[in-house]
Structure formats: structure tokens, C-alpha cells
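The values are calculated or read from the model by the stated rules, or taken from the named source; none is laboratory data. Quick caveat: nothing in here was measured; it's all calculated off a predicted structure. In this analysis, Cβ positions are derived from the backbone assuming ideal geometry, glycine residues included, and neighbour counts consider all displayed protein chains.
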2 protein chains.
Amino acid sequence: MSDTITASPTIGVFDSGFGGLTVLRSLIEKLPRARFAFIGDTARLPYGSKSRRTIARYAVESTQFLVREQGAEFLVIACNTASALALDAIQDAVPVPVLGVIEPGAHSARAASKTGDVLVIATDATVQSHAYAAACRAQGLRAIEKACPLLVPLVEEGWTSHPVTEEVFRIYLSEITRDAAAQGLQPDTLVLGCTHYPLLRSLIEKEVPRGMRVIDSAESAADAAAGMFNGRSKPAGGNDDIRPTEIHCFATDSVEKFERLGSRFLGRPVGNVQLVDLGG
Amino acid sequence: MSDTITASPTIGVFDSGFGGLTVLRSLIEKLPRARFAFIGDTARLPYGSKSRRTIARYAVESTQFLVREQGAEFLVIACNTASALALDAIQDAVPVPVLGVIEPGAHSARAASKTGDVLVIATDATVQSHAYAAACRAQGLRAIEKACPLLVPLVEEGWTSHPVTEEVFRIYLSEITRDAAAQGLQPDTLVLGCTHYPLLRSLIEKEVPRGMRVIDSAESAADAAAGMFNGRSKPAGGNDDIRPTEIHCFATDSVEKFERLGSRFLGRPVGNVQLVDLGG
């Protein structure tokens, strides 16, 4: 981490859509004096069903916008798919520190798990990359990954506590539990490997076996980012205490939809969203 | 329709993804001597949640590829969203005749309906455009439209006859039926306004009220295209009778996924799919 980062840094946060606003929400709580520039590449979402090459190209264009046009001194990749498939490409393309959500998620899983066996649910592309399995292995954990492609559209339909969503989650959970049992694992921790899933947290906590810990990668990433700033951006007293957090949101498509759906993920109005053309 | 079109024409078929292969399937049955070039803009799907401006740009790039690189003499827009939002833009951008799926769908609905009241289910963007309502009005029909955003991911998950999909469809159907009743309509026809929905046809036919006709826009568009060729491409006897249909498929992302999922929609293997970079 460079020492040139200011005490009230500009933090760039990137997602393919709105889901990453759950990461921004956690970041705001932990770094209230920072200036945030968030971009959702909504013209090209979802990344979860696309190839590594395409995802890397899209992610690099979006993060270069945050650094070059918005002056971001630090980047949080608030998208599991892009973290899984494009973190290296982004790190090569921009001259600032870059933090993804996968490693912090695996780190939290290690802190939570007693058996050392964890379940990870995510999008197709994240699962196919096996980025969580690798990050968990690096922490001494064994992980079983499962793609749950219906959960994102169910969240976007607003069915976050709907009987259909409960049924779909029960089906996915029974499949991943069976896979884990077949490999002799005794999972006690479930990692939410997609930034849409925190909106299903209460539904998921009702359905998982008693005692299973649910880890939110969004929150883990925000914790990691806050830790990296070493308290430099915490309120220092005086007028700074009441200085509101500065948030600038950008989208590559329909700002109206972003403004309407985004508040569900951010937990407050997203304000004016500006349209950006990345040429794609 | 230009007279310069050949007896074994090259027909360009365009969709944002795989769904349009249901239209290609119907076209092959009706025009077995044609050469088909199909492009699925899979790097940028789904179009259903994007803005008119973005959809038009993507659709124009894809169809220009079919005309300029593949020599298409006739274009079928096998995507309800692009037909609803970008048909004019495509017609302005290419020098060949262009047929969408909306008008043929409305035309079939008029032939099927006795009450003159129809239900239309489609993606968000198609519904928000009200293109079906307008096309139905032009046919003297009254239409109630309903966005069903969960049906596409359910089809892509392969849950085409799953209890969850039945339940989701029942919820959507009860909502659109209530909307129709509130407006004093007596619908007797349901239009499938998305090329993914034909894969749910047997499930849908089980759930709709007895006597309700189900219209597939994909099939209607293929009928209209075949009609426009005035029998010029029908087998004329001799060796031509056994000449196999020529099909070339292109995708803007993961050809592997296209090959794997595409056969479900085409009802036969899609063969070698070539990757195309449209620069987006």
C-alpha cells in the first residue's frame, strides 16, 4: 500500500451492476471520511455468464475510468466474477492498489470455520474459475463451490423473502450439501460469493442447518479495505466529524434503473447517477 | 422485398443470445434450401434489461456483420427486445429487407383470438416499449402485457418442466389475468413474446385456462419469412431435394457455452460456432 494515499482518499468501487453497492454500503460504514466513486457496468451485465477474456476487457475499461477520470487512489473490485477472473488484468492495467472480494471472503471463512470445510455459492463464471476453492485452499480450508444462477434474477425481481426463492435456495443447498457429503466434508460455514446474495441473508440464515455460519464477502472486503487504511480516514474530531460521505455513482446504461434498484442494495438513495460511455 | 434475392438466399438471423435459435429452427423447417447465418451477441446479453439506445447500437453492429461479412440478403430479428426497440435503427443501417418477430406475433394473435383480447408475456424492455400493445392495436386487438423476468433464467437453468417454474409461471399468469379483468378484458390468447418461452410451451399449455390459445412469435415470424419468399426457396425436385440446409453460427462470447446450450433451442447440434469480435 502506497504512503501517498491521502487521509481522505478517493476509493474507486467497481461492479458489473448494482450488487457491488452492498460492498460500498459496508465501506461507507467503515470509512466515513472517504470520497467514493462507484461504477456499475450495467450496459454489459451480467458478467457471471461470460468468458474470462470478455470479463477482463470490460473490467479493465471500467476501472481505468475510475482511476483516470475520477482520480481513484485505491480500487475495490466489488464483483465476485471480476475478482475471480480479472483481478490480475486489472492490477496490470492500473497504477493503484487493487482489492478483490475473494481473498477477504476466504480469510473470514477461515476465522469462522471450526471443521475447516466450507460451502461457497456464487455465479457460474465465479464457480468455473475455482477462485474461491484456491483462495480457501491457501487458508488451509476445503471448499465446495456451487453455481446458483437463479438467485441474482430472484433478487432483482425483488423476491428476497418469497416462498419461490426459499424453494430455489433449498434446492441449491441440498445439492451442495450432497456434493460435500459425497466428498466426506463436514461444512460449518457458507460463503456468499456474489454481491447480490447479502439481500437474501435472512432467508439464507433461516434455511441453513443450525450452527452454520454465513459469511458475506462484501463485508469481509470492506473490513480488509478499512484495515489497509490503518485508521487514516477515521473521523479525527472537529468539523470533520460531521462531514458527509461523498458518493459519486456512474453507470454505463439506464441511470433511471440504477437509481431505482440501487437504493435496495445501498440501503439509502443512490442520488444522481451519471451515464458513462465506455465505448462498448 | 427486392427481386434480386436468390432462389437459395442467405438469410441472416440475429439474437442477443441463444433464444433466437427457436426462430432459426422454424425457419429451417419452412425454408430448407436457404443458407442461414446466425449471430448471437452473447458477450452483451441479455438485452431485456438494457436501454433503447444501447440495444439499438448492439443490434446494428450485429446485423451489419451478417450483411457485410456473411452476405445476408434478408434479415430476421429473432429477438423480441431488439424487434421492439431497434427495428427502425436496423432498417436504417442495412440495405436489405428486415423482419422482426413482433408484427408476425400480433398477426397470429388476431387469427387466433375470438374475443379480440390477448395477453402478452415478455422481457422487461419489450414490455416497457409497448411494441406488442401497439402491434396488437393495429390488428384491432386489445393487449395486456406482462414482464416475466424470471422465465429466461429458469429456461437457461434447464428447469423447463420444474415445479418451481410452474409456480413462477402461475404467479405471473395470475397477475396478468387480474390486470386484464381489472380492465374488463376477456383474453382467450396468450402470446409468447420472448424466444426463450417456446421451451416452456408444454408447461405453459398445462397452466393456462382451458381453451386459451398459445401463440409462439418465433413460429409466426418463420411463417411470415417463408411467405415473403413466395415459395422461391422450396425444394424444386432433383438433386436439390437432398441438399442439406447450410447453417453458420457466430457468437460474440464463449462459443463453448453457445454450442452446449444452443442445441436445446435449435433441437439439433448447432455445429461449430465461430467467435466474432464486434469491438464491444
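The table that follows gives values for the structure above.
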| read-out | value |
| --- | --- |
| Test for A:G184: is it part of a loop (DSSP other than H, G, I, E, B) and modelled with pLDDT under 95 | no |
| Tally, over the stretch A:62-77, of residues that are in contact with a strand residue (DSSP E or B) (Cβ under 8 Å, 6 or more places away or on another chain), surrounded by fewer than 24 Cβ atoms within 10 Å (Cβ to Cβ) and among the polar types (S, T, N, Q) | 1 |
| Qualifying residue in the stretch B:30-48 (condition: among the basic types (K, R), buried (at least 22 other Cβ atoms within 10 Å of the Cβ) and in a loop (DSSP other than H, G, I, E, B)) | yes |
| Among (1) in the same structural domain as B:T81 (by TED's automatic domain parsing); (2) without any contact (Cβ under 8 Å) to a residue 12 or more places away in the chain - the single one B:H162 does not satisfy | (1) |
| Of all residues making up the stretch A:143-154, the number that are free of Cβ contacts under 8 Å to residues at least 60 places away in the same chain and within 14 Å of another protein chain (Cβ to nearest Cβ) | 7 |
| Counted residues, the stretch B:141-171 - those being aliphatic (A, V, I, L, M) and under 17 Å from the mean Cα position of the chain (by Cα) | 4 |
| Close pairs (7 angstrom Cβ cut-off, 6 or more residues apart or separate chains): within 14 Å of another protein chain (Cβ to nearest Cβ) in the stretch A:265-280, surrounded by fewer than 20 Cβ atoms within 10 Å (Cβ to Cβ) anywhere | A:V273/A:E259; A:L278/A:E61; A:G280/A:E61 |
| Residue in the stretch B:166-197 that is farthest from the other protein chains (Cβ to nearest Cβ), counting only those that are surrounded by 22 or more Cβ atoms within 10 Å (Cβ to Cβ) and of a type outside the set (A, V, I, L, M) | B:T189 |
| Selected residue (criterion: surrounded by the fewest Cβ atoms within 10 Å (Cβ to Cβ)) from residues of the stretch A:5-29 that are of a type in the set (S, T, Y) and away from every other protein chain (no Cβ under 14 Å) | A:T6 |
| Cross-chain or 6+ apart pairs with Cβ under 7 Å, the stretch B:38-52 first and in the same structural domain as B:S263 (by TED's automatic domain parsing), then polar (S, T, N, Q) and outside any loop (DSSP other than H, G, I, E, B) | B:I39/B:S62; B:D41/B:S62; B:A43/A:T54; B:Y47/B:T81; B:G48/B:T81; B:G48/B:T126 |
| Test: residue in the stretch A:143-152 that is surrounded by fewer than 17 Cβ atoms within 10 Å (Cβ to Cβ) and assigned to a loop (DSSP other than H, G, I, E, B) | no |
| Those residues of the stretch A:155-165 which are at pLDDT 95 or above and facing chain B (nearest Cβ under 7 Å), in sequence order | A:V164 |
| Extreme residue, surrounded by the most Cβ atoms within 10 Å (Cβ to Cβ), among residues of the stretch B:251-280 that are in a loop (DSSP other than H, G, I, E, B) and of a type in the set (A, V, I, L, M, F, W, C) | B:V270 |
| Candidate set: the stretch A:247-261, residues that are within 14 Å of chain B (Cβ to nearest Cβ) and modelled with pLDDT of 90 or more; chosen: the one nearest to the chain's Cα centre (by Cα) | A:A251 |
| The stretch B:117-142: number of residues that are more than 14 Å from chain A (Cβ to nearest Cβ), in a helix (DSSP H, G or I) and not aromatic (F, W, Y) | 8 |
| Qualifying residue in the stretch B:204-216 (condition: without any contact (Cβ under 8 Å) to a residue 24 or more places away in the chain, out of contact with any helix residue (DSSP H, G or I) (no Cβ under 9 Å at 6 or more places or on another chain) and part of a helix (DSSP H, G or I)) | yes |
| Test: B:A84 is closer than 27 Å to A:G40 by Cα, of a type in the set (A, V, I, L, M), more than 12 Å from chain A (Cβ to nearest Cβ) and in contact with a Phe, Trp or Tyr (Cβ under 9 Å, 6 or more places away or on another chain) | yes |
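Yes/no per residue for (1) under 17 Å from the mean Cα position of the chain (by Cα); (2) within 11 Å of chain B (Cβ to nearest Cβ); (3) of a type in the set (G, A, S):
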{"position": "A:L31", "(1), (2), (3)": "yes, no, no"}
{"position": "A:I39", "(1), (2), (3)": "yes, no, no"}
{"position": "A:K50", "(1), (2), (3)": "no, yes, no"}
{"position": "A:R53", "(1), (2), (3)": "no, yes, no"}
{"position": "A:Y58", "(1), (2), (3)": "yes, yes, no"}
{"position": "A:E61", "(1), (2), (3)": "no, yes, no"}
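Quick grid of which residues meet (1) away from every other protein chain (no Cβ under 14 Å); (2) modelled with pLDDT of 90 or more; (3) buried (at least 20 other Cβ atoms within 10 Å of the Cβ); (4) in contact with a His (Cβ under 7 Å, 6 or more places away or on another chain):
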| position | (1), (2), (3), (4) |
| --- | --- |
| B:M212 | yes, yes, no, no |
| B:E219 | yes, yes, yes, no |
| B:D240 | yes, no, no, no |
| B:T245 | yes, no, no, no |
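Per-residue answers, yes or no, for (1) buried (at least 17 other Cβ atoms within 10 Å of the Cβ); (2) free of Cβ contacts under 8 Å to residues at least 40 places away in the same chain; (3) among the hydrophobic types (A, V, I, L, M, F, W, C):
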| residue | (1), (2), (3) |
| --- | --- |
| B:D92 | no, yes, no |
| B:V96 | yes, no, yes |
| B:S113 | yes, no, no |
| B:D117 | yes, no, no |
